[in-house]
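Q: Below: one structure in structure tokens.
The values are calculated or read from the model by the stated rules, or taken from the named source; none is laboratory data. In this text the structure is predicted, and so the values were computed from the model without any measurement. Because the Cβ atoms are built from the backbone with ideal geometry, glycine has one as well, and the counts that use them run over all protein chains shown. Accessible surface is based on the protein model in full, side chains and every heavy atom, while ligands, DNA and RNA are left aside. Shrake-Rupley method; radii C 1.70, N 1.55, O 1.52, S 1.80 Å.
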Amino acid sequence: MKKYLLPNEGDFYKANLHCHTTNSDGKLTPEQVKDAYLKRGYSVIAYTDHDILLDRANLCDQRFLALNGYELEVNEFIPNAPFKKIKTCHMCFIALKPDNLNQVLYHREKYLFGNAPDFRSQLKFDESAPDYERVYSPEGISEMMKVGRDNGFFVTYNHPVWSMETLNEYGGYKNMHAMEIVNNSCLVGGFNDYNEKIYDELLLLGNQIFCTATDDNHNVHPFDSKKCDSFGGFTMIKAPKLEYTAITDALLNGNFYASQGPKINELWFEDGKIHITCEGAESIRLNCGVRRTEVLYAENKPLTEACFNVLEDDIFVRITVTDKEGKHANTNAYFVKDLLA
């Protein structure tokens, strides 16, 4: 039986799920960000300014959907150490419903920086709750992720390389929905935050999570600069329509792939094989969570499809499409026990 891993029905919507504006430490207003991304084919932006959850409904129209969200950070505590020498964990909370504007894990005095304090009066939170003290530990961060999930947010784990984290830290994180396999801002800034290996490590620890590609744009540099941190990492979401909960339901169900450029058209499982069709690629690779891969390389013409065996002793399968510029598109991982069930 044919099992579609990306839905057969619906349309793809190009999304940036990690974005900063003048509401915190970005250099463009929310409206300027919308205009720039619309011109480049995007339909969705999750506005995730630091520690402020604001209603972005005024930005939405028939062509564009703004998701409400915010980014939280937890820093390692080393007395008198400069920030560049301490480890940190950043995560985005994206509200699954447009009216979910109650900011969880709130502290009345700490964490707001850049322009974010200017918006303090607009924030909604449980005023009867004490200030939440963040703890940099696997247990503390896992608790924060769980609070996010339990309160109706899509939770992503962000840029582990820039954060100076290792398996000792992120190996203990639980309750995320997804991790950033690509963070474009970090990549153009010199950090190797293309994170296939870290994604595999988290999967092999038993985390059934998705992967996203994001910009994390702050727009310090102009759009024509090689250091521009916009338009380099995007998530292609397959949904029945451009509507808030249709998009967030697609996120929850994993109906998307992550990309730096290549486009995937179809993905399905049938008769023990995983199939993919895509736009012209230089290579298409299967990873399985064991010491086994399958890979096809273009010879006389670009590749537009591939079919790979899925074996019972594989742990998961995920596919990477690479174009002639060396840019990747990554599918989510699919656990073999679920495919064969």
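Q: I'd like to know if the range 110-128 contains one or more residues that are hydroxyl-bearing (Ser, Thr, Tyr) and within 25 Å of GLY172 (Cβ to Cβ). Step through it out loud before you land on a result.
A: The initial filter retains those residues of the range 110-128 that are hydroxyl-bearing (Ser, Thr, Tyr), namely 111, 121, 128.
Imposing the further condition that a residue be within 25 Å of GLY172 (Cβ to Cβ) reduces the set to 111.
So far as the range 110-128 goes, yes, one or more of its residues are hydroxyl-bearing (Ser, Thr, Tyr) and within 25 Å of GLY172 (Cβ to Cβ).
Q: Scan VAL290, VAL317, VAL310 and give me the residue that is closer than 27 Å to THR214 by Cα and of a type outside the set (Ser, Thr, Tyr). First the steps, then the outcome.
A: Values: VAL290 fails: closer than 27 Å to THR214 by Cα; VAL310 fails: closer than 27 Å to THR214 by Cα.
Only one candidate qualifies: VAL317.
Q: Can you pull out the residues in the range 118-147 that are open to solvent by less than 50 Å² (accessible area, probe 1.4 Å) and part of a helix (DSSP H, G or I)?
A: PHE119, PRO138, GLY140, ILE141, SER142, MET144, MET145, VAL147
Q: If a residue must be at positive phi and either surrounded by fewer than 15 Cβ atoms within 10 Å (Cβ to Cβ) or within 12 Å of the chain's Cα centre (by Cα) (or both), how many such residues does the range 229-273 contain?
A: 3
Q: With free of Cβ contacts under 8 Å to residues at least 40 places away in the same chain and not aliphatic (A, V, I, L, M) as the only criterion, which of LYS226, LYS263, LYS238 stands out? Break it down stepwise before answering.
A: Values: LYS263 fails: free of Cβ contacts under 8 Å to residues at least 40 places away in the same chain; LYS238 fails: free of Cβ contacts under 8 Å to residues at least 40 places away in the same chain.
Step by step, each of LYS226, LYS263, LYS238 is checked, and only LYS226 is free of Cβ contacts under 8 Å to residues at least 40 places away in the same chain and not aliphatic (A, V, I, L, M).
So that you can scan it fast, the table gives a plain yes or no per residue for (1) farther than 20 Å from ARG108 by Cα; (2) open to solvent by 10 Å² or more (accessible area, probe 1.4 Å):
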{"position": "ILE45", "(1), (2)": "yes, no"}
{"position": "ILE52", "(1), (2)": "no, no"}
{"position": "ALA57", "(1), (2)": "yes, yes"}
{"position": "ASP61", "(1), (2)": "yes, yes"}
{"position": "LEU67", "(1), (2)": "yes, no"}
{"position": "ALA81", "(1), (2)": "yes, yes"}
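Q: When only residues in the range 274-297 that are without any contact (Cβ under 8 Å) to a residue 24 or more places away in the chain and either aliphatic (A, V, I, L, M) or within 21 Å of LYS238 (Cβ to Cβ) (or both) count, which is surrounded by the most Cβ atoms within 10 Å (Cβ to Cβ)? Spell out how you get there, then give the answer.
A: Going through the range 274-297, the residues without any contact (Cβ under 8 Å) to a residue 24 or more places away in the chain turn out to be 291-297.
When the remaining residues are screened for being either aliphatic (A, V, I, L, M) or within 21 Å of LYS238 (Cβ to Cβ) (or both), the result is 295-296.
On the way: VAL295: 13, LEU296: 16.
The extreme case among them is LEU296.
Q: If you check every pair at least six apart or on different chains, which have Cβ atoms under 8 Å apart with a residue in the range 189-206 that is open to solvent by 30 Å² or more (accessible area, probe 1.4 Å) first and a residue that is among the basic types (Lys, Arg) second?
A: If the second residue must be among the basic types (Lys, Arg), the pairs left are GLY189/LYS227.
Q: Out of curiosity, is GLU196 modelled with pLDDT of 95 or more, within 19 Å of LEU72 (Cα to Cα) and of a type outside the set (Lys, Arg)?
A: Details: modelled with pLDDT of 95 or more: yes; within 19 Å of LEU72 (Cα to Cα): no; of a type outside the set (Lys, Arg): yes.
Taking the combined requirement at face value, the residue does not satisfy it.
Q: Would it be correct to say that VAL104 is farther than 22 Å from ALA246 by Cβ and without any contact (Cβ under 8 Å) to a residue 60 or more places away in the chain?
A: Working: farther than 22 Å from ALA246 by Cβ: yes; without any contact (Cβ under 8 Å) to a residue 60 or more places away in the chain: yes.
Taking the combined requirement at face value, the residue satisfies it.
Q: Assess whether ASP314 counts as being free of Cβ contacts under 8 Å to residues at least 40 places away in the same chain and open to solvent by less than 30 Å² (accessible area, probe 1.4 Å).
A: Details: free of Cβ contacts under 8 Å to residues at least 40 places away in the same chain: yes; open to solvent by less than 30 Å² (accessible area, probe 1.4 Å): yes.
Yes; evaluated as a whole, the condition is true for this residue.
Q: Same structure, new question: Could you please let me know if THR22 is surrounded by 16 or more Cβ atoms within 10 Å (Cβ to Cβ) and closer than 15 Å to MET144 by Cβ? Break it down into steps so the answer makes sense when it comes.
A: Values: surrounded by 16 or more Cβ atoms within 10 Å (Cβ to Cβ): yes; closer than 15 Å to MET144 by Cβ: no.
Answer is no for this residue.
Q: Can you find a residue in the range 125-133 that is touching a residue at least 60 places away in the same chain (Cβ under 8 Å) and either over 14 Å from CYS92 (Cβ atoms) or not charged (D, E, K, R) (or both)? It would help to see each step written out before you state the result.
A: The initial filter retains those residues of the range 125-133 that are touching a residue at least 60 places away in the same chain (Cβ under 8 Å), namely none.
Scanning the range 125-133, I find no residue that is touching a residue at least 60 places away in the same chain (Cβ under 8 Å) and either over 14 Å from CYS92 (Cβ atoms) or not charged (D, E, K, R) (or both), so the answer is no.
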